[in-house]
1. Confirm whether A:Lys100 is among the charged types (D, E, K, R), outside the structural domain of A:Val31 (by TED's automatic domain parsing) and either at pLDDT 85 or above or in contact with a helix residue (DSSP H, G or I) (Cβ under 8 Å, 6 or more places away or on another chain) (or both).
2. Is there any pair linking a residue in region A:81-98 that is among the aromatic types (Phe, Trp, Tyr) to one that is part of a strand (DSSP E or B), with Cβ under 6 Å and at least six apart or on different chains, and which?
3. Within region A:130-145, can you find the residues that are modelled with pLDDT of 85 or more and within 27 Å of A:Val75 (Cβ to Cβ)?
4. Between A:Pro12, A:Pro45, which is more than 14 Å from chain B (Cβ to nearest Cβ) and surrounded by fewer than 24 Cβ atoms within 10 Å (Cβ to Cβ)?
5. Test A:Ala32 against the criterion of being under 21 Å from A:Leu129 (Cβ atoms), without any contact (Cβ under 8 Å) to a residue 60 or more places away in the chain and assigned to a loop (DSSP other than H, G, I, E, B), and give yes or no.
6. Among (1) at pLDDT 85 or above; (2) out of contact with any helix residue (DSSP H, G or I) (no Cβ under 8 Å at 6 or more places or on another chain); (3) under 21 Å from A:Glu35 (Cβ atoms), which single condition is B:Ala278 missing?
7. Report, by residue number, each residue of region A:66-93 that is under 21 Å from A:Arg153 (Cβ atoms), within 13 Å of chain B (Cβ to nearest Cβ) and surrounded by fewer than 20 Cβ atoms within 10 Å (Cβ to Cβ).
8. Is it true that some residue in region A:119-128 is under 18 Å from the mean Cα position of the chain (by Cα), assigned to a helix (DSSP H, G or I) and under 23 Å from A:Leu21 (Cα atoms)?
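The values are calculated or read from the model by the stated rules, or taken from the named source; none is laboratory data. Keep in mind that what you see is a predicted model, and the values were worked out from it rather than measured. Ideal geometry is used to build each Cβ from the backbone, glycine not excepted, and the neighbour counts take in all protein chains shown.
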Amino acid sequence: MTLRCAIVDDEPLARQRIRDLLAGERNVEIVAECEDGIAALQTLPSAAADLLFLDIQMPGLDGFEVLRELDSEPVIIFTTAFDSYALRAFEAHAIDYLLKPIDEERFRAAMARARRFLEGTREEWPARLQALVERLDRRQESLRRIVVKSAGRVFFIDTCEVDYFEAAGNYVRVHAGGETHLVRLTMQTLDARLDGRVFVRIHRSIIVNSARIAELQARTRGDYDVVLRSGARLELQRSYRPRLQAVLGDF
Amino acid sequence: MRRLPALAVLFAATYAAGVVLLLILFDWQYGLLGALHINSALIRSGFWCAALALLLLMRVPPRHWLLDAALFTLLTIAAAFAGEYAYMHFLFAKGWLQEPPLLAALISVEAPLAVLMPAAMAGRYLAVAARERTRALRVHELESRLAEARLELLRSQLQPHFLFNALNSVATLIRHDAAGAEAMLARLGRFYAIAAATEARQFVALREEVGFVREYLAIEQIRFGARLRCEIEVDDAASDAAVPALILQPLAENAIKHSVARVPGPASVVVRARCDGARLVLTVDDNGGAAAGTSAHSDGVGLANTRRRLAHAYGSDFALELQSAGSGTRLRVALPLRTMPEKAVA
């Protein structure tokens, strides 16, 4: 079976290094080469790669962000010059990595392992990647930007520009600047990763940017509507009222 | 200290003139005898003042100050006592006084000196000691800042990213461009040699710093290829200027991190140095975007370190600022223009 490989690295010589090393392998085809994370998100979905060499430090979108946003789940070999935290994370979740300068012997071993892995069942692979993402998320401070992919375009929205997030099945609708973008995220992830001093969950399916709140309008029996500066009117679910009070003060 | 004899003469002359003047004044006011007694007190206080003045002008050595104080006090008391005794005796010999000067009485009026002198001495000692300590601390701090900067540099350069990425490039170059690989290794070698050779020198000629940055940027240039454009422009006049060692490279590194390593697409880093009147102006431009870039820059530990080092080298006589410039950020540093001392240049 021919192994479809993709290389993502911002340094041309580093990509060339992987190409050189792959040239010594049998049944390998390089289906994509990307010079940064955004290019990777645009190219990879159509490349149908089995194996991805993914650099961690890249401009725009780093390797971990690419991992988070990838829809497919190819086997990934991370490449990095050094990142002790990441290395511990890879080891904890049995995910392969290559240290630069990349050593040929180590490369062969990684390739052999990847082939064995691809030939077997890979049922636990998505779970492993998921666990890695979660572990890496824990390291980061609050989420500052949202990656949006739409119609082959990849762009960012700063969280401070967001009016509110709204759950939509397995996706989240991001309302910002009068536009709505569908993003593959969960409310749990958002709740955990957004800055809790600014973003408040006011409903099972709504997280609001408290800086965008214009007024609270009382309805019957102590229920409130949250009205945003954009004019959007959102329902405050009663059980979430203490959370909003924690940010805005008592009302 | 050189002015001490002149001051002493001036003091003595003024004092003698005062004594004569007062003698005339008091003679007219109180009669000769009263004037003579007042003058004896004046002579005494004159000695005291002279001793105190001497004490203030003298640099008290921090060690043995108690012994010094005791000796100085004894000498002052003896001198004041002798002076006053001689004066009284002179008056008695002339027949202006009926009785010879009484030793016990003289000793009792000189007694306050025994308290005053050591107190003044202790005060003086404490002031001098405090000043010494501050100076020692400042020197120490300057040294430790430099050590810190070197460590910081070595940390960031020996830091796996830079070196390992560079070595990874070499691994590729060996197959395709052996000469390029050799050049890269030579540059890496020179880069670390310069970093290590800066040793404990506080200041180096700008030329050396620029050479260092040239190696650094050349290495990054090989890594990032056509995406990165580096430029260095240095006025001839600025080349000999003295700058704190290892001040420029962290700024260039900051620009690299801020542009090519952060923003996709073509990137540029331009380092310039020129003289502007009595100022040396260094600028580092990058195209990593302005608004978000400013925060990325100021968050850097490197820049805070640079600011601290400049403050220690120049006090408040420097400027370090970030400006938005076109599609990127300009870091501008202005320092007093000084040239290296001859021996250091040679």
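1. When the stated conditions are applied, A:Lys100 does not pass them.
2. Going by the 6 Å Cβ cut-off, the qualifying pairs are A:Phe90/A:Tyr97; A:Tyr97/A:Phe78.
3. Across region A:130-145, the qualifying residues are A:Ala131, A:Leu132.
4. Numbers: A:Pro12 fails: more than 14 Å from chain B (Cβ to nearest Cβ).
Answer to the check: A:Pro45.
5. For A:Ala32, the condition - under 21 Å from A:Leu129 (Cβ atoms), without any contact (Cβ under 8 Å) to a residue 60 or more places away in the chain and assigned to a loop (DSSP other than H, G, I, E, B) - is not met.
6. Status for B:Ala278: all satisfied but (3).
7. If the condition is that a residue be under 21 Å from A:Arg153 (Cβ atoms), within 13 Å of chain B (Cβ to nearest Cβ) and surrounded by fewer than 20 Cβ atoms within 10 Å (Cβ to Cβ), then no residue fits.
8. First, pick out the residues of region A:119-128 that are under 18 Å from the mean Cα position of the chain (by Cα): A:125-128.
Next, from what is left, pick out any that are assigned to a helix (DSSP H, G or I): A:125-128.
Adding the requirement that they be under 23 Å from A:Leu21 (Cα atoms) leaves none.
No, region A:119-128 contains no residue that is under 18 Å from the mean Cα position of the chain (by Cα), assigned to a helix (DSSP H, G or I) and under 23 Å from A:Leu21 (Cα atoms).
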